[in-house]
Amino acid sequence: MNSLAYQIIFYLFAAIIVGSAALVVISKNIIHSAFGLLFTFFGVAAIYVYLNADFIAVTQIVVYVGGILVLLLFGVMLTNKITQADLKTETLNPVPGLLITLSVLAMLLYTFYFRAKWVTVPVDQQLRGTVVEPIGIATMTTYVLPFEIVSIVLMVALLGAAYIARADRKVQTKEGK
Amino acid sequence: MIEAYLPIFAMIVIAIVLGVLLLTLGRLLGPKRSNSEKMSTYESGIEPVGTAKARISVKYYLVAMFFIIFDIEVIFMYPWAVNLREFGVSGLVSMITFALLLLVGYFYILKKGGLEWN
Amino acid sequence: MLNDLLLTLPITIATVWVLVLILCEAFVHNANLTRWLTAIGFAGIIASIFLIPSPEGYAYGTMLRTGTFTNFSNFIFAVSGLLVVSISDKYLEEEEINFGEYYIILFISTIGMMLMGSAANLSVIFIGLETMSVALYTLAGMLRKDVRSNEAAMKYFLLGSFATGFFLYGIALIYGATGELALPRIAASLQTNGVSTLFWIGLSLLMIGFLFKVSAVPFHQWTPDVYEGSPTTAAAFMSTGSKAAAFSSLIIVLSNISIALPNNAVLQTAFAYIAVATMAVGNITALTQDNLKRMLAYSSIAHAGYMLVGIAAGSNEGYSGVLYYALIYTLMNVGAFGVIAVLERHRTLTNASDYAGLFKQHPLLAGLMAVFMFSLAGLPPFGGFVGKYKVFAAAVEADLTWLAIVGVLASVVSVYYYLRVVIFMFMRDPEPAPQANANATGSFALVAIAVIVFLMGIFPTEVLKLADNAMKVALK
């Protein structure tokens, strides 16, 4: 296939992302929003593939689609009557909100296209093939400390979730149980 | 590089086409003779009991939460496992430390009855 | 590797101790034991800072800074944790949340803070921030059956993760502009390649993340609701430890990067305006608050404004002033929240009018509260005065005299609402007296805090020297 076909496929995915993200925000049914998010996540994974970031794409699918979205749907379905809830908040402020969003967008786009001096990697140093191995090496050497701390973050999330969502339990007083 | 993803893309396209095609064909060709029995909720042949919108225990949510956390742990193991031999003992120690911290958290949940189901 | 573990001894101790705490809580299942072990852990961290202070340098490659700055900031976090633990137990029993998790999560949060206070790499700052924040979200929601606490946790979580998004985007853009994550190398890259617009945008997004965590205007709206809804002792921890962590991280980033910036005045002006807005909004809104927890929340916004004055000064003096201020603010604010926790009963008795005649009922408590209020107002001879003097003096030296004047005016306004509490306690007739709910450790901790706040006001030189020294070496 030639590069034109790749471009067409890219814009197809981009359209899916934008469209489904709009559905997430606009839809009044929270289930529809959740399923819209599914397509957004998938589309973003495809963009990662285009960026030659295969590991991130896999992570996106496994963690976001396989985990977080499932959790989100669990949350929606476990909560009574949330499907009928009116999602509109009282303070909407569409005009200032839109103004701020668009100006930030314009600023970012302007910078990215005209004023950015992105750091570029020389061609001979660019990664070829899968990026899983370089990521693994970086995680185990340079970034070994952040890597270990990630497990502390996960642990505190584990403890916190268990505390907030577990069944009731007797409180302990000074005298013991 | 990106050519490697063509089969996946083809699979996505086939899945969409097949799904849309079969549903459309079924709607166009199938006979439509509905009665109240057919329209009722299908629950493996048993009469449905209660409403589908009953509130479910928060424990399911907890399980999903734990799933995500260990999901992320596995994701971190993947790039490590690919290079397992290169890292040798030091890589093993790093990964064991990583897993140990989470394991202690998991053990704590078990002891506290976070996964008990009664 | 082993050497790195020793160089960052407080973090190593804390990480190992967390495992001990969790296993102990899992097997013994006794909240009081866990509380004592947590206190021992904090004491161990403090002891290790004094006995084996780390030498200047880096650990884990260039991931962590070691040295006086780190020692000083780690000391603040450990002190904050230790004090909060010692004022917590009676309150938690009263609110029926005396669970071991409270202490464990509080302890883990401190690990995140210590990472933020000793980071030399943006990735470590981010993960430290996440460790701290996830723990704090849970602490805010500790009162599981209380709607206000749930609301506090939810608001803090949603807005906090939004701010984290900005933070992460900022890191990504900075990486795109410089190709580096390690702060020293970012500075080096800026010096060779110049500062692009992209970098400025990345830096501003990063700053938004920080400003949210220190609750600076206009990113402050979450503060009153979260502090009011959270358990009082958890609010004491959030308002002191996490603020100190965000400020020390901010100082690390700015002191590393500002040498490479050609136009420092932009950053200075921006921080000066934010400081003015923060001081104004915090102090003026606090005037109308009757609920003391809300009042202290707005006052914490105002204090973030005073500390931002030191950041705006952008000099060694300013930064060391912020460090000193963070320490003294930790002491006096934990003290003030501690007194509230002693008197509070399930969200009642937190209004200023409930403190009417407190002096006649509980003279000691009233006296302690008065010390904390005077110190928060910045009246001599208490520690808060020295802290304010230090940051305002730094602003004057940095040719920001107008900013110092605004700060002094804001402090004058603040005297009104702090003294209002004192007037209620000492000059009004007692209503049916609130029952004090303190035990020996809690009262001892409060008295100790008050004494230290007093001493730091009269003999500030030693601590100031430490803070100055921390900055001098760090900026080399």
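Each reported figure results from applying straightforward, stated rules to the coordinates on display, with no laboratory input. Predicted model, so just to flag it, every value in this text is computed and none were measured. As a convention, Cβ positions derive from the backbone with ideal geometry for all residues, glycine included, and neighbour counts pool all protein chains shown.
With the simple spin-label model, which puts each label point 7 Å out from Cα in the Cβ direction, the C:PHE459 to B:LEU21 separation comes to 8.8 nm. For chain A, a/c is not less than 1.5, where a ≥ b ≥ c are the root eigenvalues of the C-alpha gyration tensor, and a/b does not top b/c. That puts it in the oblate class.
Shown in residue order for segment C:366-376 are the 3J(HN,Hα) couplings computed by the Karplus curve 6.51 cos²θ - 1.76 cosθ + 1.60 at θ = phi - 60°: 4, x, 4, 4, 4, 4, 5, 5, 4, 5, 5 Hz (x for Gly and Pro). Count Lys and Arg as plus one, Asp and Glu as minus one, and take only other residues whose Cβ is under 14 Å from that of C:VAL18; the net charge is then -3. The calculated pair-distance distribution of segment B:55-118 uses every alpha carbon pair, bins of 5 angstrom beginning at 0, and gives 4, 15, 20, 20, 14, 11, 8, 5, 2, 1, 0 percent. With K and R counted +1 and D and E -1, the other residues having a Cβ less than 12 Å from that of C:SER248 yield a net charge of +3. Here's how it looks for C:ASN351: its modeled amide H is under 5 Å from those of C:LEU292, which are all 5 or more places away or on a different chain. Note on chain C: helix-only mean residue ellipticity at 222 nm, from DSSP H runs of 4+ residues weighted -39500 (n - 2.57) and normalised by residue number, equals -26000 deg cm²/dmol.
Legend: residue pairs B:LYS59/C:LYS155; B:LYS59/C:LYS213; C:LYS90/C:LYS360, Cα-Cα distance threshold 27 Å; pairs beyond threshold, B:LYS59/C:LYS213. Mind running the shape call on segment A:1-87? Use the C-alpha gyration tensor, a ≥ b ≥ c as the square roots of the eigenvalues: rounded below 1.5 for a/c, prolate if a/b tops b/c, oblate otherwise. It is oblate, given that a/c is not under 1.5 and a/b is not larger than b/c.
Evaluate E = 1/(1 + (r/R0)^6) for B:VAL63 and C:ASP290, where r is the Cβ-Cβ distance and R0 equals 41 Å; express this FRET efficiency to the nearest 0.05.
0.40
An oblate overall shape is assigned to segment C:352-476, the ratio a/c of its alpha-carbon gyration tensor axes (a ≥ b ≥ c) being 1.5 or greater and a/b not exceeding b/c.
Dividing the summed helix terms, -39500 (n - 2.57) for each DSSP H run of n ≥ 4, by the number of residues in chain A produces a 222 nm estimate of -20500 deg cm²/dmol to the nearest 500. Exposed loop sites, defined as GluC sites (Glu not before Pro) outside DSSP H, G, I, E and B with at most 13 other Cβ atoms within 10 Å, are absent from the longest region of chain B, namely B:44-115. For segment C:48-55, the Karplus equation 6.51 cos²θ - 1.76 cosθ + 1.60, evaluated at θ = phi - 60°, returns couplings of 5, 5, 7, 7, 10, x, 6, x Hz by residue, with Gly and Pro reported as x.
Between A:LEU102 and B:GLU3, the C-beta separation translates, for a Förster distance of 41 Å, into a calculated FRET efficiency of about 0.60. Per-residue Karplus couplings for segment C:189-196, computed as 6.51 cos²θ - 1.76 cosθ + 1.60 with θ equal to phi - 60°, are listed in order as 5, 5, 5, 7, 9, x, 9, 9 Hz, Gly and Pro entered as x.
Please report the net charge: other residues with Cβ closer than 14 Å to the Cβ of C:TYR60, K and R +1, D and E -1.
Numbers: positive: C:ARG65; negative: A:GLU148, C:ASP4.
Around C:TYR60, the charge tally is -1.
Relative to its residue count, segment C:15-122 spans a Cα convex hull of 97 Å³ per residue. Distance between Cα centroids, segment C:298-360 to segment C:379-457: provide it in whole Å. Spelled out, the Cα-based centre of one part sits 7 Å from the other. With both labels modelled 7 Å from their Cα along Cα-to-Cβ, the C:THR12 to A:VAL119 distance reads 3.0 nm. The calculated FRET efficiency for the pair B:GLU47 and C:ARG144, based on their C-beta separation and a Förster distance of 41 Å, comes to about 0.60.
Under a straight-distance cross-link criterion of Cα-Cα below 19 Å, which aspartates and glutamates are reachable from C:LYS465, leaving out those fewer than 8 residues away in the same chain? Result set, ordered by chain and number: C:GLU56, C:GLU317, C:GLU397.
Stretch C:LEU409-C:MET427 to full length: gain in nm at 0.36 nm per residue minus the Cα-Cα span? The partial results should precede the final answer.
Working: separation 18, 0.36 × 18 = 6.48 nm, distance 2.63 nm.
Additional length available on full extension: 3.9 nm.
In this structure, the amide hydrogen of C:ALA119, modeled 1.01 Å from its nitrogen in the peptide plane, lies closer than 5 angstrom to those of C:ARG65, counting only residues at least 5 positions away or on a different chain.
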